[in-house]
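First the structure, in the form of structure tokens, and then the observations on it.
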Amino acid sequence: MIGILIRWLTATGAIILTAYLLSGIHVEGFLAAFLAAAMLGILNALFRPIALLITLPINVLTLGLFTFVINALMLKMASGVISGFDVHGFGSAIVGSLMISAISWLLNSFIDKHGTWRYINLGRKTDSVDTARNHTIDLKRKNGDHWE
């Protein structure tokens with residue numbers, strides 16, 4: 001449950017950051033962005049699979065690029081339902097959906113399935129000989145074809 005809330009908050013942050021960077025998207029406050037993230041989640045869960053299935057032939061012809069149009073439509077639909085969240089123009093919807101997706105992906109890459117933050121410590125140095133020795137299993141052949 002905490003994982004869903006954290007992902008919801010990361011989507012909210014992505015919407016706020018996109019509205020700050022892109023002039024075609026306007027968010028009046030945190031609550032509007034929070035509700036817009038919820039509405040995007042609902043629309044993406046309910047209508048996006050149906051839209052992808054209906055537009056499958058054109059999606060195949062465009063090598064998947066038509067998916068950006070579907071994402072933009074979901075963003076426009078969310079802006080139509082949530083007051084305080086406005087998307088001006090279809091071009092802003094396409095660029096905005098790309099930015100929201102990229103920012104959400106970046107933020108969610110640091111969250112595991114339990115909703116806790118995770119990171120990779122790139123500065124930690126280990127001795128490769130000790131690491132290899134600790135993860136090696138020594139087997140010896142006994143009785144012809146048996147290993148122990």
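Coordinate-derived values only; no laboratory data. None of the values given here were measured: they were computed from a predicted structure. Methodologically, a virtual Cβ is constructed for each residue, glycine included, from the backbone with ideal geometry; neighbour enumeration extends over all protein chains shown.
Mind checking which helices (runs of 4 or more DSSP H) fall wholly inside region 30-111 and carry at least 1 residues that are in contact with a Leu (Cβ under 9 Å, 6 or more places away or on another chain) and among the hydroxyl-bearing types (Ser, Thr, Tyr)?
Numbers: elements: 30-46, 48-54, 56-61, 66-81, 90-108.
The qualifying helices (runs of 4 or more DSSP H) are 66-81, 90-108.
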Look at region 79-94 and say how many of its residues are out of contact with any strand residue (DSSP E or B) (no Cβ under 9 Å at 6 or more places or on another chain) and either buried (at least 16 other Cβ atoms within 10 Å of the Cβ) or without any contact (Cβ under 8 Å) to a residue 12 or more places away in the chain (or both).
2
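Against the condition within 19 Å of the chain's Cα centre (by Cα) and among the hydrophobic types (A, V, I, L, M, F, W, C), how does Phe30 come out, does it pass? Quick ask: steps written out before the conclusion?
Details: within 19 Å of the chain's Cα centre (by Cα): no; among the hydrophobic types (A, V, I, L, M, F, W, C): yes.
No; evaluated as a whole, the condition is false for this residue.
Yes/no matrix, rows are residues, columns are (1) out of contact with any strand residue (DSSP E or B) (no Cβ under 6 Å at 6 or more places or on another chain); (2) surrounded by fewer than 19 Cβ atoms within 10 Å (Cβ to Cβ); (3) β-branched (Val, Ile, Thr); (4) within 15 Å of Ser104 (Cβ to Cβ):
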position	(1), (2), (3), (4)
Leu21	yes, yes, no, yes
Ile42	yes, yes, yes, no
Phe47	yes, yes, no, no
Leu52	yes, yes, no, no
Thr67	yes, yes, yes, no
Met77	yes, yes, no, no
Scanning region 1-15 for residues that are crowded, with 20+ Cβ neighbours inside 10 Å and among the aliphatic types (A, V, I, L, M), which turns out nearest to Ser83 (Cα to Cα)?
Ile15
Taking Gly29, is it within 30 Å of Trp117 (Cβ to Cβ) and either touching a residue at least 24 places away in the same chain (Cβ under 8 Å) or of a type in the set (D, E, K, R) (or both)?
yes
